[in-house]
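These notes concern the structure reproduced below.
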Amino acid sequence: AVTTGLGVIENNAQLKMGQSIVVLGAGGVGLNIIQGARLHSGYPIVAVDRFASRLELAEQVGATHILNNSNEEDWLSKIQDIVGKDGADVVVDNTGNPDVISQCYALTKNQGRTILVGVPAMGKETKIYTLPLHFGKVITGSHGGNGNPSEDIPRYLQLEKQGKLKLKPLFTERFTLCQINEAIERMRSGDLVGKALIEM
């Protein structure tokens, strides 16, 4: 989740200082995308999720704005109120939901970048209006952040040692191997915030 999230910012989004970013899905990868955006001085950094507990953690690691889209009918316009009516410079989807992917693309400004981390289920398709792609808009998928672990992980460890990369708040619970099904169910329901450690 750490190498993917930070790699999305560095390699896929290529976020620059002061550029706006919207992150759909504040799970393990999304939280690290938010951290990467903070490290790159993105602004605003908008976290969107269905679970309030995840959004609280997103604020701790760098989100400047949070939005719970489970109870907001007009959440797209609320994001535009934050990033501007033209949309965000970067919008990242972690959900893999085809409808959300279409919304992410629509939220991206005409010269911006839509990054897809989540993958739709087999056979599920999304619809986009392709004309802006001919004039600089970009939509692309990320393969694990497209990083190089042997080079990236030592850099990330230095950031953690300096207190710039927050990893400890992301590990919120521990489970035994016998409890793995409980951990997975709680993750799916949104009851589990952050990442779980399975103790072998």
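Nothing in this text is a laboratory measurement; each read-out follows from the coordinates by a stated rule. Note that the structure is a prediction, hence the values are computed from the model and not measured. Using ideal geometry, Cβ is built from the backbone for each residue, glycine included, and neighbour counts are taken over all protein chains shown.
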**OP:** Between LYS168, LYS109, LYS137, find the one with the highest GNM mean-square fluctuation for the chain; connect C-alpha pairs within less than 10 Å.
**Re:** LYS168
Subject >> For the stretch 88-200: relative contact order, % (alpha-carbon pairs under 8 angstrom, 6 or more apart) >> reply: 19 percent
Original post:
So how much slack lies between VAL119 and ARG50, counting 0.36 nm per residue of separation and subtracting their Cα-Cα distance, in nm?
Top reply: 23.0 nm
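Shape verdict for the stretch 120-187, please, from the Cα gyration tensor: rounded (a/c under 1.5), prolate (a/b greater than b/c) or oblate.
oblate
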**OP:** Please list, in chain and number order, the residues 5+ apart from HIS40 or on another chain whose amide H is under 5 Å from its amide H, with Hs placed from the backbone.
**Re:** none
Original post:
Which of these, LEU177, LEU159, LEU39, has the largest mean-square fluctuation under a Gaussian network model of the chain (Cα springs below 10 Å)?
Top reply: LEU177
**OP:** At a Cα cut-off below 30 Å, give the lysines reachable from LYS137, other chains included and same-chain residues fewer than 8 away excluded.
**Re:** LYS16, LYS78, LYS85, LYS109, LYS124, LYS127
Original post:
Going toward the positive end of the dipole of the stretch 125-200, with +1 on Lys and Arg Cβ and -1 on Asp and Glu Cβ, which of GLY136, THR172, ALA196 do you reach last?
Top reply: GLY136
**OP:** Using only alpha carbon pairs under 8 Å that are at least six residues apart, calculate the relative contact order of the stretch 61-139 and give it in whole percent.
**Re:** 27 percent
Original post:
From the backbone phi of the stretch 84-93, what are the Karplus-calculated ³J(HN,Hα) couplings (6.51 cos²θ - 1.76 cosθ + 1.60, θ = phi - 60°) in whole Hz, Gly and Pro given as x?
Top reply: x, 5, 6, x, 8, 5, 9, 10, 10, 9
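For the chain, what is the charge dipole size about the Cα centre, in debye to the nearest 20, if Lys and Arg each add +1 at the Cβ and Asp and Glu each add -1 at the Cβ?
440 debye
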Subject >> Cα gyration tensor shape for the stretch 1-127, rounded if a/c is under 1.5, else prolate or oblate >> reply: rounded
**OP:** Determine the shape class of the stretch 55-115: with a ≥ b ≥ c the square roots of the Cα gyration tensor eigenvalues, call it rounded for a/c under 1.5, and otherwise prolate if a/b is greater than b/c, oblate otherwise.
**Re:** rounded
**OP:** Quote the FRET efficiency, to the nearest 0.05, computed for SER70 versus LYS168 with a Förster distance R0 of 41 Å and r equal to the Cβ-Cβ distance.
**Re:** 0.90
Subject >> Potential extension, LEU131-LEU197 segment - 0.36 nm per residue separation minus Cα distance >> reply: 19.3 nm
